[in-house]
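Following: one structure in structure tokens, then a few remarks.
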Amino acid sequence: MSEFKSGFFVGGEACEGRVLVVDDEPDIRKVVKMTLQKAGYEVLEAENGEKAIEVINSGENRLLLDVVICDIRMPKINGAEAVAYFRSNYPRVPLIVLTGFPDTDMATSFLRQGVVDYLVKPVEGEKLRAAVARAIEQRELARL
Amino acid sequence: MEPSDQTKIAILGAGRGGRALVDLLHHVPSIKIVGIADRNPAAPGLERARELGISVTTDVPDLISNHGAGLILDVTGDPKMETYLHAHKPPAADILGGSASHLLWTLIQHESKLEAELLQSEKLAGIGSFAAGIAHDINNPLQLILGLAENLTEERDLTAVHEQAHEIIEAVKRTSAICRDLTRYSRRASPHEDILVPVNGKLDEALKIARYASSFHDIEMIKQYQPDAAVKGNPDELLHVLVNLITNAVHAMEHSGGTLTIETIVHDGQVDIRISDTGSGIAPDKIPEIFEPFFTTKAPGKGTGLGLYNVKTIVNKMHGTIAVDSRIGQGTTFTLTFPNAETAGQGSLL
């Protein structure tokens, strides 16, 4: 459970925050969504970097997106390109990389770019929820 | 090759030595094996010769006299045979026997061992580059399995429990298939296994392996398979050739994306396997070099430079040819052409 509640109201229901999951595998999106929904997050999905950019630029998401969880090895705009795009256009939205391939050089480069967490699949639900809660907390602190 | 340019060879003795000679000489276009003889009808070399469509006989006088042999290779190790040959050989024929033929046999075995080692080491070096692909393909189902299993610890709805348990089983099967495919690919090619290989199935198997070596993202794939395309050869070695060519094609489109077209064409009894990409292309002056050993365009430490060299070695062994058509910035097509598998290597029967 997150220690910090951002307390948005989406569709009239209390919401811990809005998370965008970017992964080309529908199974991964499904299971991450399942894991986060249990902790009260609203979860949006995108199947690649291009779709993720579309989602973040549509409607209210721009303002209400709390965290982006992004895979790296993806078609169209891949994870690394998507991370660069998000960092330069939406520097306030915290990014978590969730990848199937642990690579120290890549992890270092992402963390330098301001990615808040670098998680390697398979990640336990508790760790994933903690990472999301921590990312939201950092974002709130940065606003102060 | 004009038949008159061919050296016609008769082999006497079909034990291990005779078999090694058949295997090597059969692949050399300038050599024709007119027949092989042994007193023992079950000798391994005779069996191999029958597989390759080479005449087999127990009648030595007929073989050395009536089939135009210009060279008689005697690997019987029998002193009586040596005496017999010197007395009865046709005047125009040369004899290679005794310790000379034993030396030849030893060299052939050494060369065939080296060739197998080279193939295997290139394959294993290539598998190193699969790490990212394998990790991705194993860790994704593991994430699904972990997430579902965590959920099952709390799930109350029995229908959902059944569904999710079923999904876990499927994910485990997918993961174990990865290990199965890779162990099959990484094993050493079984020697002397020339059989009729259905090409379309091998291409699909090669595609599965190539996916670990390179990212197929942003690559459109077109498959045009003609049914019943089959070639004669070693299935493990053919797989190695196809993985190499598909991986190269995908690497050529790595940054730009593009279309990978894989075709099999059966015409006049021949089988063409065509692998085309719309990638970076090869400069015309480089084309003659690409089949040379240690030629590579990859960064140091990335490629072995043995990929296409081994492709050519295997295709030659299968009596096939390779044609390359490439344009800078437009792409490359590799066409492998193999003789009709039904008649490949068939000579006249005695």
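List of remarks:
- Length-normalised contact order of chain B in % [C-alpha pairs under 8 Å, at least 6 apart]: 15 percent
- Unit charges on C-beta of K, R, D, E only; dipole of chain B, Debye: 680 debye
- Cross-link partners of residue B:113 among aspartates and glutamates, defined as those whose alpha carbon lies under 19 angstrom from its own and excluding same-chain residues fewer than eight positions apart: B:23, B:122, B:193, B:194, B:236, B:237.
- Pairs of Cα atoms farther than 16 Å apart, the range B:131-186, %: 47 percent
- Cross-link partners of residue B:80 among lysines, defined as those whose alpha carbon lies under 23 angstrom from its own and excluding same-chain residues fewer than eight positions apart: B:89.
- Under the membrane-span-like helix rule (DSSP H runs whose alpha carbons stretch at least 18 Å along the helix axis, mean Kyte-Doolittle hydropathy 0.5 or higher), chain A yields none.
- Set of aspartates and glutamates with alpha-carbon distance to residue B:208 below 13 Å, sequence-local pairs under 8 removed: B:137, B:181
- Spatial separation of Cα centroids for the range B:262-278 and the range B:132-184, in angstrom: 38 Å
- Dipole magnitude of the range B:191-338 about its Cα centre (Cβ charges: Lys, Arg +1; Asp, Glu -1), debye to nearest 20: 260 debye
- Percent of alpha-carbon pairs separated by more than 23 Å within the range B:59-195: 65 percent
- Longest segment of chain B lacking GluC sites (Glu not before Pro) that sit in a DSSP loop with at most 16 other Cβ atoms within 10 Å: B:1-153
- The range B:3-114 shape via C-alpha gyration tensor axes, a/c threshold 1.5: rounded
- Value at 222 nm in deg cm²/dmol, rounded to 500, when DSSP H runs of n ≥ 4 in chain B each add -39,500 (n - 2.57): -15500 deg cm²/dmol
- Residue pairs, from the table A:30/A:51; A:121/B:202; A:30/B:223, whose Cα atoms sit over 25 Å apart: A:121/B:202; A:30/B:223
- Residue (of B:130, B:215, B:93) at the positive-pole extreme of chain B, dipole from beta-carbon charges: B:93
- Nearest-ten-degree value, helix B:98-128 long axis tilted from longest Cα axis of chain B: 10 degrees
- Chain B: angle of helix B:131-152 to the longest principal axis, Cα-based, in degrees nearest 10: 40 degrees
- Nearest-ten-degree value, helix B:235-252 long axis tilted from longest Cα axis of chain B: 50 degrees
Bear in mind these aren't lab numbers, they're just calculated from the coordinates by the rules spelled out. Just so it is clear, the model here is predicted, and its values are computed rather than measured. In this analysis, Cβ positions are derived from the backbone assuming ideal geometry, glycine residues included, and neighbour counts consider all displayed protein chains.
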